[in-house]
1. If r is the Cβ-Cβ distance from Leu315 to Ser222 and R0 is 30 Å, what FRET efficiency results, to the nearest 0.05?
2. Non-local amide H neighbours of Ile277 (under 5 Å, H modeled in plane, Pro and chain starts lacking H): which ones?
3. Quick one: P(r) of region 192-256 from all Cα-Cα pairs, 10 Å bins, percents rounded to integers, in order of increasing distance.
4. With a 10 Å radius around each residue's Cβ, average the other Cβ atoms per peptide and rank 361-371, 114-124, 234-244, 299-309, highest first.
5. Output the pairs from Lys269/Lys327; Lys127/Lys154; Lys145/Lys297 with a Cα-Cα distance over 18 Å in this structure; if there are none, say none.
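Where a number appears in this text, it was derived from the coordinates with a stated rule and is not lab data. Model, not experiment: these values are computed from the prediction. Please note: Cβ atoms are built from the backbone with ideal geometry, for glycine as well, and neighbour counts cover all protein chains shown.
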Amino acid sequence: MAVKGAPTWSYAKTPCSHPGISDLGSTRSGLAFNLSFRKWECCCLGVASAQRAITPVEDEKPNLTGAESSGAIQRIEDNESSGFHKDMNLLPKPLTANDLSSPSDGSKVRVAYQGLPGAYSEDAALKAYPKCETVPCDQFEAAFKAVELWLVDKAVLPIENSVGGSIHRNYDLLLRHRLHIVGEVQLQVNHCLLGLPGVTKEELKRVLSHPQALAQCEMTLSSLGIVRINADDSALAAQMVASTGLRNTGAVASARAAKIYGLDILAEKIQDDDDNITRFLILAREPIIPGTDRPYKTSVVFTLEEGPGVLFKALAVFALRGINLTKIESRPQRQRPLRVVDDSNEGSAKYFDYLFYIDFEASMAEPRAQYALGHLQEFARFLRVLGSYPMDTIP
Ligand SMILES: O=C(O)C(=O)C[C@]1(C(=O)O)C=C[C@@H](O)C=C1
């Protein structure tokens with residue numbers, strides 16, 4: 001799967017002998033949620049120190065002109081043949097805290113998203129990190145891999161929309177990959193109907209866009225009697241209209257996409273619901289250390305033993321501690337989709353096995369959240385904390 005615009009530079013990992021780092025293998029696998037939060041926190045700190053040991057390869061090259069560099073090479077060779085460095089200026093400089101601190105405005109951060117430039121996902125990435133470098137990916141999975149392979153720092157991916165509901169593919173990928181949720185972005189999505197310059201909306205016979213975008217404009221598109229065709233993302237749809245030059249074909253995409261691909265906006269705000277909000281997750285290789293300084297959300301995924309009222313009990317661990325749930329999603333457990341229950345009267349009954357994804361309004365730094373998950377673990381067969389991160393309260 002290709003990462004469009006993948007960088008030409010690479011990172012070198014420096015081995016780190018931090019005593020806590022060897023423990024990370026199991027913790028980073030994510031399957032293990034340590035009941036003791038202190039240990040969980042400790043692991044986060046261990047990861048942070050491991051990160052500090054990672055040095056960009058580019059930074060290791062001295063910045064020399066042609067003449068300087070041939071002289072310098074000669075001096076290095078002289079030093080090497082004599083067995084020690086005579087010229088201390090040629091030794092690599094130690095990194096300082098200033099070299100490593102990342103600016104808070106998001107500049108230099110490379111953020112992967114699914115789609116082409118002008119896609120709503122890119123808007124979400126720019127909302128989260130206004131000065132970031134956005135990296136388009138052809139599929140959601142490519143964005144996950146780009147983070148895992150250190151091609152980018154973060155990925156911003158849609159998880160649910162207030163009209164269209166959940167984006168199931170990303171729920172499944174969250175479990176399959178080992179990334180951590182470090183934030184969320186809520187984006188107001190205003191769809192426009194785009195066409196070639198000079199075209200009127202009455203001329204349109206078909207319209208292209210991402211299936212979610214088409215679904216969010218169901219009523220408007222039905223009233224216009226236009227054939228809907230799926231595209232991988234709304235910006236790709238706009239690009240296709242521009243490149244094919246078909247006057248009877250339009251796209252549902254953003255005003256920014258219209259500008260990028262030189263299309264006219266034939267109608268604005270064509271979504272069925274004025275408040276059309278898409279929630280995106282920000283994913284990173286390492287978790288953030290949750291605080292209590294502002295409202296936090298925690299996302300978990302778990303499976304339950306079979307039995308009457310188990311889901312009721314699972315939800316009660318939050319209710320008992322006054323913790324508000326903001327989202328519950330169930331997905332088939334693909335590894336073992338069927339559960340066979342022996343029932344001598346009726347033969348073998350087959351039930352689907354489910355993974356439950358829950359978001360709740362509390363930080364993992366709060367004892368009530370730690371106790372709730374400790375309680376849940378008593379009857380969950382599997383439990384993983386996907387992330388504890390600041391809530392985005394403004395769409
Ligand atoms: O097609 C795009 O522009 C996207 O960013 C994808 C996407 C989605 O996957 O839901 C993002 C936001 C909108 O809800 C519509 C489409």
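1. Step by step, r from the Cβ atoms, then E = 0.20.
2. Ser162, Val163, Val189
3. Taking every Cα pair in region 192-256, the percentages come to 25, 61, 13.
4. By packing density, highest mean first, the sequence is 114-124, 234-244, 361-371, 299-309.
5. Lys269/Lys327; Lys145/Lys297
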